[in-house]
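The values are calculated or read from the model by the stated rules, or taken from the named source; none is laboratory data. A quick note: this is a predicted structure, and the numbers were derived from the prediction, not measured. Every residue, glycine among them, receives a Cβ derived from its backbone with ideal geometry; neighbour counts consider all protein chains shown.
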Amino acid sequence: MDSQAITSEVVAAHNLTREEYARIKELLGREPTFVELGVFSVMWSEHCSYKSSRVHLKRLPTTGERVVVPPGENAGIVDVGDGWCAAFKVESHNHPSFIEPFQGAATGVGGILRDIFTMGARPVAAMNSLRFGTLDHAQNGRRNRALLAGVVAGIAHYGNAFGVPTVGGEVVFDDAYSLNPLVNAFALGLVRHDQIFFGKAAGIGNPVLYVGAKTGRDGIHGATMASAEFDDEALEKRPTVQVGDPFLEKLLLEACLEAMRAGAVAGIQDMGAAGLTSSSCEMAARAATGVELDLSLVPQREEGMTAYEIMLSESQERMLIVAHRGRERQVIDIFRKWDLDAVVIGRVTDTGSVVVVHEGERVAEISSKYLTDEAPLYERPMKSKADGGRRTGEGAAVESGTTSDAGASAAPASVRAAVGDPTINAEPGASVGGGVDIVSPAPPTAPALKEAARDYNEALVRLVTAPSVASKEWVYQQYDHMVRTNTAVLPGADAAVVRIKETRRALAMCLDGNGRYCAVSPREGAALVVAEAARNVVCVGARPIAITNCLNFASPERPEVMWAFSEVIDGMAEACRALGTPVVSGNVSFYNETEGRGIHPTPVIGMLGLVEDVRRVVTQGFKREGHLIALVGETSEDLGASEYAATVEGRGLQEMIAAGACVPRLDLGRERKVQEATLRAAEEGLLESAHDCSDGGLAVALAECCFSSLGRGGVGAEVKLDGGELTPTVQLFSETPSRVVVSFDESQRTRFERIVAGAGAPFRVIGRVGGDRLRISVNGDELIAQPVAELEAAWRAALGRKLRAEDVAAAAE
Amino acid sequence: MKFGVIVFPGSNCDHDAYHIISKHVGQPVDFIWHRDTDLGTYDAIIIPGGFSYGDYLRAGALARFSPVMASVKGFAARGGFVLGICNGFQILCESGLLPGALIRNRGLHFICRHVNVRVETTETPFTHELKAGEVLSLPVAHAEGNYVCDDETYAELVGEDRVIFRYCDERGGLTEEANVNGSRAFIAGICSRERNVLGLMPHPERACEDLLGSSDGSGLFRSLAATLAAR
Amino acid sequence: MKAKVYVTLKSGVLDPQGKAIQHSVELLGYEGIADVRQGKYFEIALDGSLDEARARELAEAVGRDVLSNPVIEDYRVEVEA
């Protein structure tokens, strides 16, 4: 197989274009060997090279006083005080999870955990952002339920056994994701400032060690798979799905950290997508060195593996370590102690090339910069869905410079001119699909409520039982969210809080996305998502400090998609600058489309916040009868693309757009003021509760504040709204951003008012905690009166009820 | 008094147990590697939660063959105190130090949440500072916590007052709904005939600080420390 | 030489997974299924130099001491040349 002839079919099967292949020959000055072709194909895949996104990602802000490691490494790192740093990142595992939900999701968790501990950080928290089609969809409902059950079981399987608490995340249902679920896994680890490790093949002559699981034929070409669209054939690609072993990964973690502490490690990198190929090439490129590997020495699980297979295998739970010279014995002994393989398979060289030898034969020799710096870079054509608008120059050269890549783990230090791209020559109007085809219509799931007979109580019940809004306890109770005994705010909150045992501080974290908003308006939608994520960590009493992002999009070869991508970057960049939260890591996932139907543009934001004193953490539940309830922020008419429009009015996205729906207007200045006011009140210890107003608006937020939580029963509230010109529907269900529901003791009212006014945030006291009902009146009319216990029971049970026994049984291994 | 926390490959609540003993009980504690066999200096051994050896055959099944478990048996036979939490309970059952077995939860899922357990007896070295009938809020986190045993064993457990904790509702009632994993007779924890070996599925070490939602687990460690201090 | 070891739950022991599978199978419309019990199956490759009696003895020992828990499970061994 290593000597297979390279025909145009073979090139195409590697997802390389004719032009890319020509470029490979030009760089090498010869035909590549078959192994080299495989290496180029994975390193130049969208997944590893970020060839369509790099030109845009550099517009994101990536610097800040807390940033210790910006994008480009395995994970971003920020300073969190007292000599501690947090390493964190979010990454997609969408394609593997669609093909095999259990193992796909499990290995997604495994991969992101390795990204964290390869930096020297011990993982202390995980989260997941999941998107599926609706669960009772006539055609796809059953598959969607099976995907949900399988993905959740897979995450639980891996995270629970590994021993990292899965503390939060989001689960969203929308038919745009029916044939393309999104599974984005986040992990965060803690590391001392002076003990951070990098993926660098540093030190000429240093030994290169292969550690961890043995290599098998699993997952060969996963990286190229993740860079191609899906069709029915993809389901036949099952063999490329890797199987994860969380037990082995736990041993790998302990062994790696022990080897690092021993001072034996010069550089280390996970063998993730593209396995040995990407780890060796990237480590050499980052250090501007070369590596020479003898594949015959690689521990193998199967017999007769070719060099091509060994280089491209995506077997899980493996790492490449560059040890300090003379310390290899020590590394091997530490891994032995943990019953793991550790074998010297090569050396760091000064040639700048990756040289691969197999059974005495040199099967590949490629300058590492050809695989990283010289990887293709595309400035793909873009077309606004509104005006058919702006297009970028065709194949325009891009200036060299430092990329501010939002998490290209394969990110090169510089970019170069784009090589030819056939799609660039397409006619502007003749692109695949029409102007709005990045948007997939969501069929109405509920009959529209009659305008005249509008029943606000029923609307509220519908909203709190809508699967995207309902309690996610069916999901998170399957995750061990308490192991390591640091979880101070459990799942189900605006943000999770994980304390740092050694200090008084704690870290708040959340994952947020909103595909519907981004489909309507990608730029504003992305800014709204960043603002909401920041608000979420503020609501638990944390100052937002940095983000990681996972950018899930359809095919970049479609100008509408690329335009949306570019808009999302700009919206995100603006919000991140305004809120002081640089992007330190992330991942781009393109080609999320099946049978020509793409997902909504779905940037998912992982926000990190810092709590100065863990005793000051705030939770969302109302605490005691008599406490005053206030709304920080102001409501305006933002119903167009809301959960209310989707769930209660039963509008599909196309319908919303046709009706001229806009996303809520975000005023970043006001957002900052609202966040500052909430945060100061929290830090002063004034707040009894704080909760972000988001999906479903104020009425849903108030209901969630009433629901019971650990150690506290449900409690009612009486709220009086007076919004002047605004209709009751707007006041109750509008999704105006920059709003937080808080409660406090009446004795603190003056102090509270002084703080909020000082921050310049609008606010108004709207009611009082008490009784066993949630009662909301608008302009004097009581429109909502719901027994909290009943409402809560419906909210808790809604999601579990959608899942039937057979879905669950199928997922339980 | 000195505590030891056993570390199997795959243990993941070892640090939590260590933290509780060193910071909350305030006593010396060591990690004991699964290949070590000398338990001579210890007064109490904790077998922590986790997925020892990946729990690949059955939960706790492979751990019982590790060298340290032979020593734990001897340690228990000499009257040493052994506390098995979650996977530790499973290992104690697999090793024969406690009767019965723990099988897949009735609902099939892994389940992580706070549950209520009722203290059934205070006549043990682990519970004498608690009150009989007291309801504790403790977290569970397991997929195989469904306690089973034959009728004879159950009669023996009851007859010898060896059922230590039962799942219950918040008022202490034994309702089917409160039986989180479907265990026989709501059993959440049992002890050995000599009462020096305790196994339970809930995690008392996760419930020793109000910051984490409950400190109801601290009474168990307080009891054990008092027992050791009095020896 | 190969030993096959089957491990099944004892008949009196509740089998939640088996029950769930049975329920699903019924929901899917398969009729005439009275009960489903889930078990484990192991294939053990044996040293070719062992005679069949010794091989069986070895497989029985492994099935009894390692692969099954006598409190809840039964096991059965088959040896193939």
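Out of the residues in the range A:583-605 meeting the condition of being of a type outside the set (S, T, Y) and surrounded by fewer than 24 Cβ atoms within 10 Å (Cβ to Cβ), tell me which one is modelled with the highest pLDDT. Show your work before the answer.
Within the range A:583-605, the subset of a type outside the set (S, T, Y) is A:583-584, A:586-588, A:590, A:592-593, A:595-601, A:603-605.
From what is left, the residues that are surrounded by fewer than 24 Cβ atoms within 10 Å (Cβ to Cβ) are A:595-597.
Working: A:E595: 82, A:G596: 82, A:R597: 87.
Looking at residues that are of a type outside the set (S, T, Y) and surrounded by fewer than 24 Cβ atoms within 10 Å (Cβ to Cβ), I get A:R597.
Among the residues of the range A:496-529 satisfying the criterion of being surrounded by fewer than 23 Cβ atoms within 10 Å (Cβ to Cβ) and among the basic types (K, R), which is farthest from the other protein chains (Cβ to nearest Cβ)?
Among them, the one singled out is A:R523.
Can you tell me how many residues in the range C:47-81 are within 14 Å of another protein chain (Cβ to nearest Cβ) and assigned to a helix (DSSP H, G or I)?
Initially, the range C:47-81 is screened for residues within 14 Å of another protein chain (Cβ to nearest Cβ), giving C:61-75.
Right, trim to assigned to a helix (DSSP H, G or I) and you get C:61-67.
Counting residues in the range C:47-81 that are within 14 Å of another protein chain (Cβ to nearest Cβ) and assigned to a helix (DSSP H, G or I) gives 7.
Which of the residues spanning the range A:292-302 are under 22 Å from A:A259 (Cβ atoms) and either within 32 Å of the chain's Cα centre (by Cα) or surrounded by fewer than 19 Cβ atoms within 10 Å (Cβ to Cβ) (or both)?
A:D294, A:L297, A:P299, listed by residue number.
Being in contact with an Asp or Glu (Cβ under 9 Å, 6 or more places away or on another chain) and in a strand (DSSP E or B) is the filter here, so list the residues in the range B:151-186 that pass it.
Residues satisfying the conditions are B:V163, B:I164, B:F165, B:R166.
Give the residue that is farthest from the chain's Cα centre (by Cα), with candidates limited to residues of the range A:514-545 that are in a loop (DSSP other than H, G, I, E, B), among the small types (G, A, S) and farther than 11 Å from A:M607 by Cα.
Of the range A:514-545, the ones in a loop (DSSP other than H, G, I, E, B) are A:514, A:521, A:540-542.
Still in the list and also among the small types (G, A, S): A:521, A:541-542.
So of that shortlist, the ones also farther than 11 Å from A:M607 by Cα come out as A:521, A:541.
Values: A:S521: 20, A:G541: 23 Å.
If we take residues in the range A:514-545 being in a loop (DSSP other than H, G, I, E, B), among the small types (G, A, S) and farther than 11 Å from A:M607 by Cα, then A:G541 is farthest from the chain's Cα centre (by Cα).
When the range C:55-78 is examined, which residues are found to be under 14 Å from C:K2 (Cβ atoms) and of a type in the set (D, E, K, R)?
Once the filter is applied, which keeps residues that are under 14 Å from C:K2 (Cβ atoms) and of a type in the set (D, E, K, R), the range C:55-78 yields C:R56, C:E78.
Taking the criterion of being of a type outside the set (S, T, Y), part of a strand (DSSP E or B), in contact with a Leu (Cβ under 6 Å, 6 or more places away or on another chain) and within 19 Å of A:L721 (Cβ to Cβ), would at least one residue in the range A:742-756 satisfy it?
Applying the first criterion (of a type outside the set (S, T, Y)) to the range A:742-756 yields A:742, A:744-746, A:748-749, A:751-756.
In the following step, the residues that additionally are part of a strand (DSSP E or B) were identified as A:742, A:744.
Keeping just the survivors that are in contact with a Leu (Cβ under 6 Å, 6 or more places away or on another chain) gives A:742, A:744.
Right, trim to within 19 Å of A:L721 (Cβ to Cβ) and you get A:742, A:744.
Within the range A:742-756, one or more residues are of a type outside the set (S, T, Y), part of a strand (DSSP E or B), in contact with a Leu (Cβ under 6 Å, 6 or more places away or on another chain) and within 19 Å of A:L721 (Cβ to Cβ).
What are the residue pairs meeting all of these: first residue in the range A:362-375, first residue at positive phi, second residue buried (at least 21 other Cβ atoms within 10 Å of the Cβ) and modelled with pLDDT under 95, Cβ atoms under 7 Å, and 6 or more apart or on different chains?
none
Within the range A:136-159, can you find the residues that are crowded, with 24+ Cβ neighbours inside 10 Å and away from every other protein chain (no Cβ under 14 Å)?
Once the filter is applied, which keeps residues that are crowded, with 24+ Cβ neighbours inside 10 Å and away from every other protein chain (no Cβ under 14 Å), the range A:136-159 yields A:N144, A:L147.
Please work out which one of (1) more than 17 Å from A:Y456 (Cα to Cα); (2) surrounded by 14 or more Cβ atoms within 10 Å (Cβ to Cβ); (3) acidic (D, E) is the condition A:E725 fails and give its number.
Condition (2) is where A:E725 drops out.
Please go through (1) within 14 Å of chain C (Cβ to nearest Cβ); (2) in contact with a strand residue (DSSP E or B) (Cβ under 8 Å, 6 or more places away or on another chain); (3) of a type in the set (D, E, K, R) for B:R118 and return the number of the only condition it doesn't satisfy.
Only one criterion is unmet by B:R118, namely (1).
Which members of the range B:192-208 meet the condition of being away from chain A (no Cβ under 11 Å), over 12 Å from B:V115 (Cα atoms) and buried (at least 24 other Cβ atoms within 10 Å of the Cβ)?
Hits for the range B:192-208 are B:V197, B:L198, B:G199, B:L200.
Pairs only if they're at least six apart or on different chains, beta carbon under 8 angstrom, first in the range B:50-79 and within 14 Å of B:L102 (Cβ to Cβ), second surrounded by fewer than 22 Cβ atoms within 10 Å (Cβ to Cβ) and among the β-branched types (V, I, T); list them, first residue then second.
B:L57/C:V66; B:A61/C:V66
Any chance the range A:582-590 includes a residue that's part of a helix (DSSP H, G or I) and within 27 Å of A:G72 (Cβ to Cβ)?
We begin by selecting, within the range A:582-590, every residue part of a helix (DSSP H, G or I); these are none.
No, that holds for no residue.
Working only within the range B:173-191, note down all residues that are more than 11 Å from every other protein chain (Cβ to nearest Cβ), touching a residue at least 12 places away in the same chain (Cβ under 8 Å) and surrounded by fewer than 19 Cβ atoms within 10 Å (Cβ to Cβ).
Within the range B:173-191, the first condition is being more than 11 Å from every other protein chain (Cβ to nearest Cβ), and the residues that meet it are B:173-179, B:185-191.
Still in the running and touching a residue at least 12 places away in the same chain (Cβ under 8 Å): B:174, B:178-179, B:185-191.
Once the filter is applied, which keeps residues that are more than 11 Å from every other protein chain (Cβ to nearest Cβ), touching a residue at least 12 places away in the same chain (Cβ under 8 Å) and surrounded by fewer than 19 Cβ atoms within 10 Å (Cβ to Cβ), the range B:173-191 yields B:L174, B:A185.
Being within 30 Å of C:T8 (Cβ to Cβ), surrounded by 22 or more Cβ atoms within 10 Å (Cβ to Cβ) and aliphatic (A, V, I, L, M) narrows it down to one of B:I91, B:I32, B:I46, B:I20, so name that one.
On the way: B:I32 fails: within 30 Å of C:T8 (Cβ to Cβ); B:I46 fails: within 30 Å of C:T8 (Cβ to Cβ); B:I20 fails: within 30 Å of C:T8 (Cβ to Cβ).
Going through B:I91, B:I32, B:I46, B:I20 in turn, just one is within 30 Å of C:T8 (Cβ to Cβ), surrounded by 22 or more Cβ atoms within 10 Å (Cβ to Cβ) and aliphatic (A, V, I, L, M): B:I91.
Taking C:G39 as the residue in question, decide whether it is touching a residue at least 24 places away in the same chain (Cβ under 8 Å), within 14 Å of chain A (Cβ to nearest Cβ), within 23 Å of B:N105 (Cβ to Cβ) and of a type outside the set (S, T, Y). Steps first, answer last, please.
Details: touching a residue at least 24 places away in the same chain (Cβ under 8 Å): yes; within 14 Å of chain A (Cβ to nearest Cβ): yes; within 23 Å of B:N105 (Cβ to Cβ): yes; of a type outside the set (S, T, Y): yes.
The answer is yes for C:G39.
Of the residues that sit in the range A:303-338 and are over 33 Å from the mean Cα position of the chain (by Cα) and not in a helix (DSSP H, G or I), which one is surrounded by the fewest Cβ atoms within 10 Å (Cβ to Cβ)?
A:E303
Please pick out the residue among A:E36, A:E19, A:E91, A:E26 that is buried (at least 20 other Cβ atoms within 10 Å of the Cβ) and over 18 Å from A:G189 (Cα atoms). Lay out the reasoning, then the answer.
Numbers: A:E19 fails: buried (at least 20 other Cβ atoms within 10 Å of the Cβ); A:E91 fails: over 18 Å from A:G189 (Cα atoms); A:E26 fails: buried (at least 20 other Cβ atoms within 10 Å of the Cβ).
Residue meeting the stated conditions: A:E36.
Return the total of residues in the range B:9-60 being within 9 Å of another protein chain (Cβ to nearest Cβ) and at positive phi.
5
Given the criterion outside any loop (DSSP other than H, G, I, E, B), facing another protein chain (nearest Cβ under 8 Å) and under 18 Å from the mean Cα position of the chain (by Cα), identify the matching residue among C:I21, C:I44.
Values: C:I44 fails: facing another protein chain (nearest Cβ under 8 Å).
The unique qualifying residue is C:I21.
If you scan the range A:112-134, which residues turn out to be surrounded by 24 or more Cβ atoms within 10 Å (Cβ to Cβ) and either farther than 28 Å from B:C13 by Cα or at pLDDT below 95 (or both)?
Answer for the range A:112-134, where residues must be surrounded by 24 or more Cβ atoms within 10 Å (Cβ to Cβ) and either farther than 28 Å from B:C13 by Cα or at pLDDT below 95 (or both): A:R131, A:F132, A:G133.
Of the residues that sit in the range A:171-198 and are out of contact with any strand residue (DSSP E or B) (no Cβ under 8 Å at 6 or more places or on another chain) and under 23 Å from A:V80 (Cβ atoms), which one is surrounded by the most Cβ atoms within 10 Å (Cβ to Cβ)?
A:Q195
So, in the range A:240-288, of the ones that are assigned to a strand (DSSP E or B) and more than 24 Å from the chain's Cα centre (by Cα), which residue ends up nearest to the other protein chains (Cβ to nearest Cβ)?
Residues of the range A:240-288 assigned to a strand (DSSP E or B): A:265-270.
Adding the requirement that they be more than 24 Å from the chain's Cα centre (by Cα) leaves A:265-267.
Values: A:V265: 21, A:A266: 27, A:G267: 26 Å.
Once the filter is applied, the top-ranked residue is A:V265.
Give me the residue from the range C:2-38 that is hydroxyl-bearing (S, T, Y) and surrounded by 13 or more Cβ atoms within 10 Å (Cβ to Cβ) and, out of that set, nearest to C:A59 (Cα to Cα).
Step one: of the range C:2-38, the residues hydroxyl-bearing (S, T, Y) are C:6, C:8, C:11, C:24, C:30.
Among the residues that remain, those that are also surrounded by 13 or more Cβ atoms within 10 Å (Cβ to Cβ) are: C:6, C:8, C:24.
Details: C:Y6: 11, C:T8: 16, C:S24: 34 Å.
Top of the filtered list is C:Y6.
Quick check on the range A:540-554. Is at least one of its residues more than 24 Å from A:Q675 (Cβ to Cβ) and within 14 Å of chain B (Cβ to nearest Cβ)?
Checked the range A:540-554: no residue is more than 24 Å from A:Q675 (Cβ to Cβ) and within 14 Å of chain B (Cβ to nearest Cβ).
Which of the residues spanning the range B:85-109 are within 11 Å of another protein chain (Cβ to nearest Cβ), more than 15 Å from B:Y154 (Cα to Cα) and assigned to a helix (DSSP H, G or I)?
Those that are within 11 Å of another protein chain (Cβ to nearest Cβ), more than 15 Å from B:Y154 (Cα to Cα) and assigned to a helix (DSSP H, G or I): B:N87, B:Q90, B:E94.
Cβ-Cβ below 7 Å, separation at least six or inter-chain, first residue in the range A:475-495 and at positive phi and facing another protein chain (nearest Cβ under 9 Å), second small (G, A, S) and in a loop (DSSP other than H, G, I, E, B): which pairs?
Hits for this filter: zero, empty list.
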